[in-house]
Amino acid sequence: MNQSKLPGVITAGVIAAALLIGVAKSKGWRASDVSLGSLAASLKPREKAPEDAIYAMLDAARLADPQAYLDCYTDQMKDQLAETLKESGTANFADYLKTSNASVQGVALSPPQTVTAGLAKVRVEYVYRDRNEVQFVYLSRSSSGWKISRVDGAERIKTLVPFGTAVTD
């Protein structure tokens, strides 16, 4: 490194360190919170939760990606969807995913309930402009993570104030 640039590099490093310390303190971090164990734990990928499979399915539907959509399912459900994909064709199935997801304004997931070891149940509420629908999704844990194994029929629930209603005094 050029001797004339060394003071500037050191100054920039000190300023960056001071900013980092200031941000850390504003977030409530303390020096005692930092250890090799906590650093290693923060770098370790977290175990996937059942909700991750549902969000992946919703993302695949929104993106109209049939293969990614199928990858979110397992067992008989995956077989049925694969058969539908085969019969309708990739383009038609992608269009179906896109149109069925277009009217969804939002989604709310309840925390998963353990049904048995390796089986979870999640209440999913779909928010549409004119209604809300609730559906229970059952997920099985496999070696590749959580997958949707069964979906109950959707039940329409009454909403007091429809989505998008103007708020007035």
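So which helices (runs of 4 or more DSSP H) are wholly in region 1-77 and hold at least 3 residues that are modelled with pLDDT under 70?
Values: elements: 6-26, 36-43, 50-62, 66-70.
Of the helices (runs of 4 or more DSSP H) lying wholly inside region 1-77, those with at least 3 residues that are modelled with pLDDT under 70 span 36-43.
Counting only strands (runs of 3 or more DSSP E) wholly contained in region 79-169, the ones carrying 2 or more residues that are farther than 22 Å from D65 by Cβ and under 24 Å from the mean Cα position of the chain (by Cα) occupy 113-116, 119-128, 132-142, 155-157.
Which residue out of R141, R62 is touching a helix residue (DSSP H, G or I) at 6+ places or on another chain (Cβ under 7 Å) and charged (D, E, K, R)?
On the way: R141 fails: touching a helix residue (DSSP H, G or I) at 6+ places or on another chain (Cβ under 7 Å).
After ruling out the rest, the residue left standing is R62.
Each row is one residue, and each column tells you yes or no for (1) closer than 13 Å to S149 by Cβ; (2) of a type in the set (G, A, S); (3) surrounded by fewer than 18 Cβ atoms within 10 Å (Cβ to Cβ).
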position	(1), (2), (3)
P66	no, no, no
Y69	no, no, no
E83	no, no, yes
Y96	no, no, yes
A117	no, yes, yes
K121	yes, no, yes
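The values are calculated or read from the model by the stated rules, or taken from the named source; none is laboratory data. Keep in mind that this is a model prediction, so the values were computed, not measured. In this analysis, Cβ positions are derived from the backbone assuming ideal geometry, glycine residues included, and neighbour counts consider all displayed protein chains.
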